[in-house]
1. Glu267: in contact (Cβ under 8 Å) with a residue 60 or more places away in the chain, acidic (Asp, Glu) and more than 28 Å from Trp115 (Cβ to Cβ), yes or no?
2. Give all pairs with beta carbons closer than 8 Å in which a residue from the stretch 303-319 that is farther than 18 Å from Val293 by Cβ meets a residue that is of a type in the set (Val, Ile, Thr); count only pairs at least 6 apart in sequence or on separate chains.
3. Could you list, in sequence order, the residues of the stretch 118-164 that are without any contact (Cβ under 8 Å) to a residue 40 or more places away in the chain and part of a loop (DSSP other than H, G, I, E, B)?
4. Given the conditions (1) at pLDDT 85 or above; (2) surrounded by fewer than 22 Cβ atoms within 10 Å (Cβ to Cβ), which single one is not true for Gly207?
5. Could you list all residues from the stretch 322-360 that are surrounded by fewer than 24 Cβ atoms within 10 Å (Cβ to Cβ) and outside any helix (DSSP H, G or I)?
6. Of the residues Val463, Val363, Val431, which single one is in a helix (DSSP H, G or I) and more than 17 Å from Phe325 (Cα to Cα)?
7. Which residue out of Ala87, Ala44 is modelled with pLDDT under 80 and surrounded by fewer than 22 Cβ atoms within 10 Å (Cβ to Cβ)?
8. Does the stretch 405-419 hold any residues that are in contact (Cβ under 8 Å) with a residue 12 or more places away in the chain and over 19 Å from Phe484 (Cβ atoms), and which are they?
Amino acid sequence: MTTTLEATRDGEPTAYPPVETGHRTEPGTPPADPTETQAVARGALPVGKARTIALLSLFLASTMELLDTTIVNVALPTIESGLGASAAQLQWMVAAYPLAFAVGLITGSRLGDLWGRKRVFLGGLVGFTLMSAACGFAPHAEALVGFRALQGMAAAAMIPQVLSSLQVMYAPHERAKAMGLFTGLAGLSAVLGPVIGALLTEADLGGLGWRSIFLVNVPFGALAIIAAVRWVPESVAAQRPRIDLRAVAVLAAGLLAVLYPLTMGRELGWPAWVYAAMAAGVVVLGLFARSQVRSERVGREPLVALGLYRGRGFAAGSAMNSLLFMAMASYFLCQTIYLQAGLGWSVLKAGLAGVPFALTTTVFAGVGVAVLAPRIGRRVLQIGALTWAAGAVVLGVAVHGADASTSVWTFLPGFVVAGAGFGLMVSPIGVFTLADVPVDKAGSASGLFSTTGQLSGAAGVAVLGSLFFSVVDGHQSPVPVEMFRPAMEVALAVLVGLMLVAAVVARQLPAMPSQPTDH
């Protein structure tokens with residue numbers, strides 16, 4: 001199968017000779033990179049200002065998605081009072097989005113390969129914008145949880161196309177810079193979510209209160225749609241993948257059977273059916289894994305390429321990424337509730353308390369991936385994990401002695417140290433995980449890597465959120481801080497444990513990160 005690629009050079013379209021779209025490219029094709037066999041552009045590729053506008057559209061969409069992963073955390077107490085939400089519903093408002101996103105991520109990537117990345121990106125972007133509006137106008141807690149899940153599904157269609165489009169739009173020697181910008185933006189957006197959420201909630205624009213954290217996506221989504229229609233190039237996979245809808249349904253059912261009881265069990269008093277459902281979910285996931293391995297053995301393309309886990313680096317990196325996302329999602333949730341419900345801080349004060357974490361994360365993410373990783377290799381991840389654990393210990397000391405009159409400055413050292421550790425981990429981890437993955441498996445590996453991270457975030461919210469609220473229930477007191485202090489201390493202790501495990505797991509990663517090449 002061959003096709004003709006067209007690019008634009010100095011304002012004039014340039015037709016390249018036919019390109020073989022199997023696993024081999026012929027001499028003379030533009031740029032000689034194996035990943036080009038997975039993305040065949042249709043029409044002229046944008047350059048110059050047009051490519052910059054297309055990049056901004058893609059980045060704007062990914063920024064909205066990343067912000068919405070954590071932006072809701074700081075507004076939870078306000079949403080609780082406004083909608084009369086229960087503790088379990090609050091957990092689901094946080095967990096429904098990443099869970100739906102993770103379940104749909106692999107399918108979204110396949111749809112882009114099959115139907116066209118631009119087409120699916122636009123569909124996901126429109127859906128994400130509409131669901132943001134629906135969240136903003138949700139009449140009750142159940143509706144907000146449902147709209148958050150639909151928002152996550154739309155994001156699952158949108159986000160895989162961002163990375164695929166970057167592969168199409170940039171030559172191999174240019175991609176490192178584009179991917180570096182994307183990685184830095186991802187880390188910054190995740191930690192800025194609570195800060196922006198606090199500012200929007202406290203500003204109470206137009207009397208909207210917490211609803212503005214969702215409605216702000218609407219104008220930005222419209223801008224991204226307009227730019228994408230005009231400037232984002234269309235592309236499809238050279239080899240059209242099949243979509244196993246049965247496997248998608250089985251995976252979703254297994255995950256929900258495990259995560260739903262974990263989230264609702266505490267509030268329902270842990271009835272017997274909760275344990276039965278979780279056991280059934282584990283069995284379903286086991287059968288799903290077995291079917292995927294069987295598909296690989298007989299030469300069919302599986303929905304989840306579990307064979308990648310036979311590589312020690314990918315398995316260790318995925319495990320470490322899971323620990324990172326589990327810790328991050330549960331940490332932000334517990335900290336937000338503790339500061340507001342425990343110490344009585346305002347939404348704005350609790351949100352702004354996260355600024356030191358965000359700033360140090362941004363600085364150390366850049367230092368970690370650009371300076372330390374090329375020099376000391378995987379040790380940067382070990383240092384990051386131990387640094388975040390140290391930050392949690394410092395925060396634990398502050399929490400132990402804090403009351404309603406405690407100043408935000410008391411928590412500053414812990415926020416700074418924790419942010420530095422998180423930054424050293426979040427940016428370099430991907431390049432180590434994918435270092436030894438074969439080129440023809442890079443797309444599957446990237447999707448699986450992202451999916452496990454998102455699922456771990458949802459699981460962290462469900463498991464550690466339940467633990468947090470269980471400790472609160474066990475320390476009933478007329479003084480809020482007496483109820484929430486032990487719960488926060490337990491959450492920080494779990495965080496320390498997760499980071500110590502992550503430091504050990506990091507030893508199984510490749511010694512040095514992968515280096516991008518043009519061949």
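1. Here the answer is yes, as Glu267 does meet what is asked.
2. Gly313/Thr433; Gly313/Val437; Ala316/Thr433; Ala316/Val505; Gly317/Ile429; Gly317/Thr433; Ala319/Val505
3. Of everything in the stretch 118-164, just one residue is without any contact (Cβ under 8 Å) to a residue 40 or more places away in the chain and part of a loop (DSSP other than H, G, I, E, B), namely Pro139.
4. The single condition Gly207 does not satisfy is (1).
5. Passing the criteria: Leu343, Gly344, Trp345, Ser346, Ala353.
6. That would be Val363, the only listed residue that is in a helix (DSSP H, G or I) and more than 17 Å from Phe325 (Cα to Cα).
7. After ruling out the rest, the residue left standing is Ala44.
8. Let us first name the residues in the stretch 405-419 that are in contact (Cβ under 8 Å) with a residue 12 or more places away in the chain, namely 406, 408, 410-419.
Result: Leu412, Pro413, Val416, Val417, Gly419.
The values are calculated or read from the model by the stated rules, or taken from the named source; none is laboratory data. Owing to the predicted nature of the structure, the values given are computational and were not obtained by experimental measurement. Please note: Cβ atoms are built from the backbone with ideal geometry, for glycine as well, and neighbour counts cover all protein chains shown.
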